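Notes to accompany the following structure.
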Amino acid sequence: MSKSQTMSNRLLETWELEAEVTAALMSSSEPLPGLQDLLVRPAWHSGAACRSTGVAKFFPPEGGSLSAARSVCESCVVTEECLSYALSRPSLKGVWAGTSERRRQALRKRSLAVALDINKAPAASCSG
């Protein structure tokens, strides 16, 4: 296979994957983000490792591998900020800070359970 055929095949694969991502997003029952949300990015985003890569790897097809996205996230210097951002926005799709939507949902539930346990704990008495 020639170099131009290889490049054409890669480009076609990228387009097909992006079309799958678009179709998945469009079929979601979640509302799409507004234009303002897409245009305004948090300050930390400018330092994110994902800024220099394509988006397709962060939206793998259902049951697809997250390894390509996670390998980018492993070298990122703003992973904490990214995870905090993603956890505060349950409607976000795709991989953020190396976590899947399912993983972030579990982290939110765990955080809520811990908060509820703290609120149920008897207050420490102070004697003295």
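Under the Karplus relation 6.51 cos²θ - 1.76 cosθ + 1.60, θ = phi - 60°, what is the ordered set of whole-Hz ³J(HN,Hα) values for region 106-117, x standing for Gly and Pro?
In residue order, the calculated couplings are 5, 5, 5, 5, 5, 4, 5, 4, 5, 4, 5, 5 Hz.
Could you go through region 58-67 in sequence order and give the Karplus-derived ³J(HN,Hα) for each residue, using 6.51 cos²θ - 1.76 cosθ + 1.60 with θ = phi - 60°, rounded to whole Hz, and x for Gly and Pro?
8, 9, x, x, 3, x, x, 6, 9, 4
Give the order of R102, R89 when sorted by the count of other beta carbons within 10 angstrom, beginning with the fewest.
Fewest-to-most Cβ neighbours within 10 Å comes out as R102, R89.
Take K109, K93, K57 and order them by how many other Cβ atoms sit within 10 Å, fewest up front.
The order, fewest Cβ neighbours first, is K109, K93, K57.
Read-outs: derived from the displayed coordinates by stated rules, not from any lab. In this text the structure is predicted, and so the values were computed from the model without any measurement. When we count neighbours, we look across all protein chains shown, and the Cβ atoms used for this are built from the backbone with ideal geometry, even at glycine.
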